[in-house]
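Peer 1: My structure is below; once you've seen it, I'll send some questions.
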Amino acid sequence: MKILIVGGGVAGLGLANLLAQRGTIPTVIEKATGYGGVGYVLSLWPLGTNQLIGMGLHDEVELVRAPFNHYRAMTASGSQLQSMTGDPLVKYGTTALLQRKELMTILQEGARRRGVDVKYDTTVDTLDESEDKVTVTLSDGSTDTYDLVVGADGIHSQVRKIVFGNLPLNFTGNVGYAWWLDPSNLPTIDGIQEYWGSGKFFGVYPSKDAICVFCAFPGQEHSPKPVDERLDHVVGMFADFGGVVPDILSGLKIRNQPDELYYCDYRSDNIV
């Protein structure tokens, strides 16, 4: 079977590894020119790590993962609402907190070893479906025919747009910023901490060598603050939060590198 996977992210490369492992080498295209450090922390529960075991990639994950030790839900002031440990999950398999770029490297190398190449800076222009084939024209002008085309190209999927038209992605009214921190400059954080305030959220997610921080609050669509205003904006939004939040915000002020705060906004509907 001849298969095209559109999108070389976690889903696309995960599928590519599984197919190649079973003797079918797919074609993978990815619109990005490369991955670099794109993405933040991922939490893999046993269902995910068991898939990596099946792909023969679990040993690589073991080298870079931090275990899921503890989850705490906190009020904005820092009082604990609820907590859980990873102990109940042990009977189902291992857990992993790791950086997305680390998982992407593992999946890329696994696919490469199995003969899968990723064609970057490429996406789909047209899909012409017949009874048992799909003729695909790519953005580089090339055309080929496949038995199956898989759309794994994310929330702004070109495949979905071609097949179903311009389906709406509704803005939820929330925006956010994310950044990475060096854990050596912070109090010990032994697990995930999420602080829930009135219309505001602040999450702290440790990986093996760094801590990912994500915060969210109401805002306007497509309205990131200018880089030189981001740091003060985020610090001001969460100045009344407790727990480890003041230490994290203080570290941001000391570093004074607002370009490290990455903006995103939230959409919903017709996401598959």
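The values are calculated or read from the model by the stated rules, or taken from the named source; none is laboratory data. As the structure is a computational prediction, the values presented were derived from the model and not from experiment. So basically every Cβ, Gly included, is an ideal-geometry build from the backbone, and we count neighbours across all protein chains shown. Ligands, DNA and RNA are excluded from the accessible area calculation, which covers all protein heavy atoms including side chains. Shrake-Rupley method; radii C 1.70, N 1.55, O 1.52, S 1.80 Å.
Peer 1: Where is the GNM fluctuation largest for the chain (alpha-carbon springs, 10 angstrom cutoff): Gly56, Gly199, Gly78?
Peer 2: Per the Cα network of the chain with a 10 Å cutoff, Gly199 tops the list.
Peer 1: Next up: Taking amide hydrogens as modeled 1.01 Å from N in the peptide plane, which residues meet the under 5 Å criterion relative to Val175, leaving out close sequence neighbours?
Peer 2: Correct list: Phe217, Gly219.
Peer 1: While we're looking at this one, here's another question. Just to check I understand the Karplus step: with θ = phi - 60° and J = 6.51 cos²θ - 1.76 cosθ + 1.60, what whole-Hz values come out for the stretch 14-26, glycine and proline as x?
Peer 2: Karplus values, whole Hz, x for Gly and Pro: x, 5, 4, 5, 5, 5, 5, 4, 9, x, 10, 8, x.
Peer 1: Please name which of Leu127, Gly173, Met55 has its Cα lying farthest along the dipole of the chain towards the positive end, using unit charges on Cβ (Lys, Arg +1; Asp, Glu -1) and the Cα centre as origin.
Peer 2: Sorting the options by dipole projection puts first Met55.
Peer 1: Order of 3-10, 159-166, 227-234, 176-183 by packing, highest average Cβ count within 10 Å first?
Peer 2: Ranked by mean Cβ neighbours within 10 Å, highest first: 3-10, 176-183, 227-234, 159-166.
Peer 1: Along the charge dipole of the chain, which of Gly23, Gln220, Ile155 sits closest to the positive end, that is, farthest toward it, with unit charges on the beta carbon of Lys, Arg, Asp and Glu (+1, +1, -1, -1)?
Peer 2: Gly23
Peer 1: Say the dipole of the chain comes from +1 at the beta carbon of Lys and Arg and -1 at that of Asp and Glu; which of Ala96, Ala11, Thr85 then lies farthest toward its positive end?
Peer 2: Final value for the positive-end residue is Thr85.
Peer 1: Still on this structure, I have one more. When the gyration tensor of the stretch 106-259 is built from Cα positions, what are the square roots of 5 times its three eigenvalues, in whole Å, from largest to smallest?
Peer 2: Rounded to whole Å, the semi-axes are 41, 21, 14.
Peer 1: While we're looking at this one, here's another question. Select one label from (1) 20.7; (2) 19.4; (3) 22.0: the one whose number is Kirkwood radius over Cα pairs in Å as derived from the coordinates shown.
Peer 2: (1)
Peer 1: Dipole of the stretch 121-272, Cα-centred, from +1 at each Lys and Arg C-beta and -1 at each Asp and Glu C-beta, to the nearest 20 debye?
Peer 2: For the stretch 121-272, the charge dipole is close to 680 debye.
Peer 1: Moving to a separate point now. Between Ala32 and Glu109, what is the FRET efficiency for a Förster distance of 22 Å, r being their Cβ-Cβ separation, to the nearest 0.05?
Peer 2: 0.80
Peer 1: Compute the distance from the alpha-carbon center of the stretch 23-87 to that of the stretch 89-137, in whole Å.
Peer 2: Measuring centre to centre over Cα atoms gives 16 Å.
Peer 1: Treating only the Cβ atoms of Lys and Arg (+1) and Asp and Glu (-1) as charged, compute the dipole magnitude of the chain about its Cα centre; round to the nearest 20 debye.
Peer 2: Charge dipole, the chain, about its Cα centre: 440 debye, nearest 20.
Peer 1: Ignoring ligands, DNA and RNA, please state the percent of accessible area on the chain from carbon and sulfur, probe 1.4 Å.
Peer 2: So the carbon and sulfur contribution to the accessible surface is 52 percent.
Peer 1: Extending each Cα 7 Å along its Cβ direction at Trp45 and Phe164, get the distance between those two points in nm, one decimal.
Peer 2: If labels sit at Trp45 and Phe164, their model points lie 2.4 nm apart.
Peer 1: Run the helix sum for the chain: -39,500 (n - 2.57) per DSSP H stretch of 4+ residues, divided by residue count, reported at 222 nm to the nearest 500 deg cm²/dmol.
Peer 2: Computed ellipticity for the chain at 222 nm equals -8000 deg cm²/dmol.
Peer 1: Return the subset of Lys161/Lys200; Lys91/Lys119; Lys2/Lys161 for which the Cα-Cα distance in this structure is over 28 Å, preserving the input order.
Peer 2: Distance filter (> 28 Å) returns Lys161/Lys200; Lys91/Lys119.
Peer 1: Along the stretch 193-201, what does the Karplus equation 6.51 cos²θ - 1.76 cosθ + 1.60 (θ = phi - 60°) give for ³J(HN,Hα), rounded to whole Hz, x for Gly and Pro?
Peer 2: 10, 10, 9, 10, x, 6, x, 9, 9
Peer 1: Follow-up. Note down the nm distance, to one decimal, between modelled labels 7 Å out along Cα→Cβ at Ile155 and at Lys91.
Peer 2: Result: 3.7 nm between the two label points.
Peer 1: Stick to Cα atoms and the Kirkwood definition of Rh, then tell me Rg/Rh for the stretch 1-129.
Peer 2: 1.07
Peer 1: Now, a different point. What residues from the stretch 152-195 fall in the zone where the backbone N is under 19 Å from a label point 7 Å along the Cα-to-C-beta line of Gln82?
Peer 2: 191-195
Peer 1: Could you please report the charge total around Gly39, scoring K, R as +1 and D, E as -1 over all other residues with beta-carbon less than 12 angstrom from its beta-carbon?
Peer 2: Charge balance in the 12 Å sphere: +1.
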